[in-house]
Amino acid sequence: IGVCLSFASTLFLFVTFNEQRKQFNESKIDANKDRFESTFFNLLSMLYQVRENANKEISICTDGKIQSLKEYYDEFKKYFFDQKESPDYKEIVEYLQQKKINTVEFEKIKDYLGGLYEKYIKEKRCNIGYYYRYIFNMINFVIGQWKETAYEKEYIHKYLNFIQAQMSNEELALIFYDVISHYGLDKNFTHQFKDIIDEYGFLENID
């Protein structure tokens with residue numbers, strides 16, 4: 001009986017210790033999540049001010065002809081269609097109209113659109129790169145917090161969706177053209193931002 005009671009006591013202590021450790025880990029995760037969300041939602045609220053600064057800079061650069069990121073994107077679309085007489089434009093449009101494109105055609109499309117965006121920026125003399133960098137750093141902050149954790153898939157997509165929801169289709173489209181251009185290269189001359197938004201489907205909700 002003594003041996004049985006001793007074994008039962010030891011088993012009870014083990015179960016108690018295991019439960020306490022589980023509760024401690026859950027409390028630690030909750031505390032980390034609270035700290036993360038405090039910083040994240042502060043960054044998200046600051047996005048409005050960063051956007052307003054970008055709108056003001058666009059207005060100043062264009063002498064008031066363009067007032068916002070939306071209009072900035074609309075002007076880029078017009079700039080694209082103004083290239084209609086160019087042989088390169090006609091070739092790219094033909095590729096885009098195909099149901100399937102191969103790797104070579106894909107790279108030609110990407111290089112053409114990225115290069116055209118760069119020419120547009122230079123002609124407007126208005127590069128709002130800090131706006132895109134702010135978005136990039138917000139996305140990186142989310143990924144850095146939750147990547148390779150048990151909550152990776154759930155939380156990364158959840159918080160990236162919060163960022164995406166704060167942006168218009170025009171803003172998301174501008175990010176796309178920026179990341180495929182030379183402006184989207186990082187210090188190692190790779191398109192890291194493009195790879196990230198591809199991996200996590202950041203632009204999945206726009207045409």
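The values are calculated or read from the model by the stated rules, or taken from the named source; none is laboratory data. Bear in mind the structure is a predicted one, so any value in this text is a computation, not a measurement. Note: ideal-geometry Cβ built from the backbone for every residue, glycine included; neighbour counts use all protein chains shown. The area values use the complete protein model at the heavy-atom level, side chains included, leaving out ligands, DNA and RNA. Shrake-Rupley method; radii C 1.70, N 1.55, O 1.52, S 1.80 Å.
Counting only residues that are assigned to a helix (DSSP H, G or I) and either farther than 21 Å from LEU203 by Cα or of a type in the set (D, E, K, R) (or both), how many does the stretch 114-144 have? Steps first, please.
Going through the stretch 114-144, the residues assigned to a helix (DSSP H, G or I) turn out to be 114-124, 129-144.
Filter once more, keeping what is either farther than 21 Å from LEU203 by Cα or of a type in the set (D, E, K, R) (or both): 118-124, 133.
Qualifying residue count for the region: 8.
For the stretch 59-107, name all the residues that are of a type in the set (D, E, K, R) and either in contact (Cβ under 8 Å) with a residue 24 or more places away in the chain or closer than 25 Å to ILE128 by Cβ (or both). Can you show your working first?
To start, the set of residues in the stretch 59-107 that are of a type in the set (D, E, K, R) comprises 63, 65, 70-71, 74-75, 77-78, 82, 84-85, 88, 90-91, 94, 99-100, 105, 107.
If the condition is that a residue be of a type in the set (D, E, K, R) and either in contact (Cβ under 8 Å) with a residue 24 or more places away in the chain or closer than 25 Å to ILE128 by Cβ (or both), then ASP63, LYS65, LYS70, GLU71, ASP74, GLU75, LYS77, LYS78, ASP82, ASP88 are the ones that fit.
Please go through the stretch 168-186 and give me each residue that is in a loop (DSSP other than H, G, I, E, B) and either closer than 22 Å to GLU71 by Cα or touching a residue at least 60 places away in the same chain (Cβ under 8 Å) (or both), ordered by number. Even if it seems obvious, please write down each step before you answer.
Kept after step one, since they are in a loop (DSSP other than H, G, I, E, B), are these residues of the stretch 168-186: 168, 181, 185-186.
Correct list: SER168, SER181.
Among the residues of the stretch 60-78, which ones are open to solvent by 30 Å² or more (accessible area, probe 1.4 Å) and not in a loop (DSSP other than H, G, I, E, B)?
ILE60, CYS61, LYS70, GLU71, TYR73, ASP74, GLU75, LYS77, LYS78
Right, TYR48: under 22 Å from the mean Cα position of the chain (by Cα) and open to solvent by 80 Å² or more (accessible area, probe 1.4 Å) or not? Lay out the reasoning, then the answer.
On the way: under 22 Å from the mean Cα position of the chain (by Cα): yes; open to solvent by 80 Å² or more (accessible area, probe 1.4 Å): yes.
In short, yes.
Hey, among PHE189, PHE106, PHE202, which residue is in a loop (DSSP other than H, G, I, E, B), surrounded by fewer than 16 Cβ atoms within 10 Å (Cβ to Cβ) and of a type in the set (A, V, I, L, M, F, W, C)? Please lay out each step first, then the result.
Values: PHE106 fails: in a loop (DSSP other than H, G, I, E, B); PHE202 fails: surrounded by fewer than 16 Cβ atoms within 10 Å (Cβ to Cβ).
Result of the check over PHE189, PHE106, PHE202: PHE189.
Report, by residue number, each residue of the stretch 132-161 that is among the aromatic types (Phe, Trp, Tyr) and either within 11 Å of the chain's Cα centre (by Cα) or at pLDDT 95 or above (or both).
Pass one, the stretch 132-161, residues among the aromatic types (Phe, Trp, Tyr): 132, 134, 136, 141, 146, 151, 155, 159.
Result: TYR132, TYR134, PHE136, PHE141, TYR159.
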